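Presented below is the structure to which this report refers.
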Amino acid sequence: MECPKCGYERQPEDINCQLCGVDFGLLERQEEEKRTLKEKAKKHKGAEEHIHLSMEDKAPESEISSRSEISPGSEISTDTFMEEDCPKCGYERKKDNQECPNCGLIYAKHEDMVTRKEAEKAAKKIAEQKKFTEEKAKIQKELKKGVAKAQAKREEEARITKEAEVQEPIDESIKQKKALKDKVLEILQPIKQHKKKIAIVLIAIFAVAFAGWGGTVLFKNWQKHAGEERVRSEKNKEKQKLIEYNKKIAVAFRKDRAEIENYLRSLIDKRKFDAYKKEMDRYDIPLLKDELSDLKKYFKEIELFDKVKWVSGKEYEKNYGLYLELQKLNPDNKLYLKKIKYYQKKFADQKYLQAKNYFNKKKPYRSELKNALTAIEMAIDLNGAQKKYLKIKSRLINAELLFYEGNDKIKMAVRNDGLTSGRTGGQRKLYVWIKNTGSSPFYVNVEYFILVGRNNKKYKYNNCSRELLANLQPGEATQGYLYFYTSVKPKKLVFSHINVGTVSRVFP
């Protein structure tokens with residue numbers, strides 16, 4: 001698609017021409033107006049012709065003849081009027097106008113472009129016609145050759161057939177067998193006469209061929225081996241050069257070791273780390289690995305010590321970790337040991353508070369409970385089994401018992417309410433929740449509960465809430481108290497059912 005104004009290539013998504021900037025939408029509207037005007041002009045012209053013909057029917061013959069003489073001139077003037085219209089928008093074109101006053105089209109430029117396009121089309125058409133003519137001539141030539149060849153073949157077959165009819169008929173199979181036998185005898189005759197010579201020649205030929213093949217293989221193997229040997233030799237030379245260079249570096253360092261080490265330490269103390277690294281690269285070779293280890297360790301210690309200075313004192317975990325690394329680099333440093341103890345305790349207490357805050361939430365979740373348990377266990381690892389840590393851990397484990405656990409048919413939650421007092425004093429009181437998570441109903445019987453104590457003895461229930469005795473439908477739950485006549489601390493509560501399986505919860 002091209003721009004109707006300048007002929008530049010137009011993409012489907014373009015709104016304006018990339019070369020002349022013309023608005024394609026405006027051009028389309030003007031083109032529509034032009035078509036409308038032309039249609040009106042045609043209608044008007046048709047009406048005039050109709051009137052003209054009707055008048056001719058009525059007019060005398062002299063007038064008709066005179067009008068018929070004038071009509072060609074009138075047609076020319078109409079065509080001239082249409083040609084003088086702007087070819088782009090159809091606006092009236094006056095004789096002295098160089099460009100259209102409506103759309104700005106330069107008439108001369110438009111005419112040159114039209115002429116050029118027509119010339120290009122004509123040249124393209126001529127080239128295509130020429131190509132077609134050449135192809136046609138080529139095909140005709142090939143056809144003539146094929147026809148001549150076929151004619152010659154037919155003539156040859158006719159000649160052979162004519163000669164065969166003149167001669168006596170001979171059995172072709174016998175003739176062929178005889179010719180083959182004669183040929184074989186002809187070949188075997190010299191072989192019989194010179195058996196030994198032929199054998200020697202054949203052996204010589206095979207020997208030369210084998211020697212040539214073997215020589216090629218040997219040459220290729222030698223070439224490959226020589227290449228590998230050359231690469232290996234070059235690598236050994238480079239390696240030897242490096243060894244000699246490292247030896248020189250090691251000798252130079254050991255000669256002035258004290259002076260070099262003092263200089264490198266001074267760069268570290270002055271915090272000129274870039275200069276230290278650049279200088280150290282000269283001596284950092286395998287031969288001096290042990291001799292430079294203390295210096296490298298000192299640099300790491302100073303670098304890490306500078307890093308810990310910028311860490312906030314409230315970042316207990318980060319400070320604790322950094323001082324642990326420093327203590328590994330310098331185990332006898334009392335400051336590092338003191339800081340480790342301080343931040344170890346602070347970090348442990350921080351984890352303890354994190355675990356304790358779990359109970360201050362209005363609606364705690366299971367994931368938060370696990371995080372709290374992890375935090376209190378870390379506090380115990382850091383600062384030992386403190387009484388307050390163990391207490392929180394026990395409460396958290398008890399809190400975990402309040403969440404349902406079990407299998408795909410039954411889940412159970414439990415709460416340890418301790419020992420009863422009063423008339424029923426000395427009994428272990430547990431609150432139990434049972435939920436049917438399967439697809440079939442089952443009956444909850446308190447006989448199915450077994451309490452295992454810390455002494456590993458098993459206890460049957462002594463009393464219970466009537467709500468626990470229920471036939472649970474899928475999705476339903478029930479809850480209530482269970483009493484066991486024992487003061488032993490509970491180890492686990494087990495519910496075993498023949499249809500839904502066994503589920504147990506372990507106490508802290």
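The values are calculated or read from the model by the stated rules, or taken from the named source; none is laboratory data. Here the structure is a predicted model, which means the values were calculated and not measured. Glycine gets a Cβ as well: all are built from the backbone with ideal geometry, and neighbour counts include every protein chain shown.
Tally time: how many residues in segment 318-336 are of a type outside the set (Gly, Ala, Ser), surrounded by 14 or more Cβ atoms within 10 Å (Cβ to Cβ) and over 17 Å from Asp269 (Cα atoms)?
Result for segment 318-336: 10.
Taking the condition assigned to a loop (DSSP other than H, G, I, E, B), of a type in the set (D, E, K, R), without any contact (Cβ under 8 Å) to a residue 12 or more places away in the chain and out of contact with any Ser or Thr (no Cβ under 7 Å at 6 or more places or on another chain), does Lys328 pass?
Answer is no for this residue.
Going by the conditions given, is Tyr352 touching a residue at least 40 places away in the same chain (Cβ under 8 Å) and either over 45 Å from the mean Cα position of the chain (by Cα) or assigned to a helix (DSSP H, G or I) (or both)?
Taking the combined requirement at face value, the residue satisfies it.
Tell me whether segment 468-478 contains one or more residues that are farther than 15 Å from Lys435 by Cβ and part of a strand (DSSP E or B).
no
State yes or no: is Tyr365 surrounded by fewer than 16 Cβ atoms within 10 Å (Cβ to Cβ) and modelled with pLDDT under 90?
yes
Where residues in segment 368-385 are out of contact with any Leu (no Cβ under 8 Å at 6 or more places or on another chain) and surrounded by 15 or more Cβ atoms within 10 Å (Cβ to Cβ), which of them is nearest to Gly321 (Cα to Cα)?
Leu382
Could you count how many residues in segment 484-498 are part of a loop (DSSP other than H, G, I, E, B) and of a type outside the set (A, V, I, L, M, F, W, C)?
4
Condition check: out of contact with any strand residue (DSSP E or B) (no Cβ under 7 Å at 6 or more places or on another chain), at pLDDT 65 or above and closer than 30 Å to Arg282 by Cβ. Does Lys181 satisfy that?
No; evaluated as a whole, the condition is false for this residue.
Tell me which residues, restricted to segment 425-451, are more than 17 Å from Val494 (Cα to Cα) and among the polar types (S, T, N, Q).
Gln427, Thr437, Ser439, Ser440
Within segment 418-433, identify whether any single residue is of a type in the set (Val, Ile, Thr) and either assigned by TED's automatic domain parsing to the domain that holds Asn357 or more than 30 Å from Ala372 (Cβ to Cβ) (or both), and answer yes or no.
Within segment 418-433 (the criterion being of a type in the set (Val, Ile, Thr) and either assigned by TED's automatic domain parsing to the domain that holds Asn357 or more than 30 Å from Ala372 (Cβ to Cβ) (or both)), the answer is yes, since at least one residue qualifies.
Which residues, taken from segment 1-33, are assigned to a loop (DSSP other than H, G, I, E, B) and surrounded by fewer than 16 Cβ atoms within 10 Å (Cβ to Cβ)?
Hits for segment 1-33 are Met1, Tyr8, Gln11, Pro12, Glu13, Asp14, Ile15, Gln18, Leu19, Cys20, Gly21.
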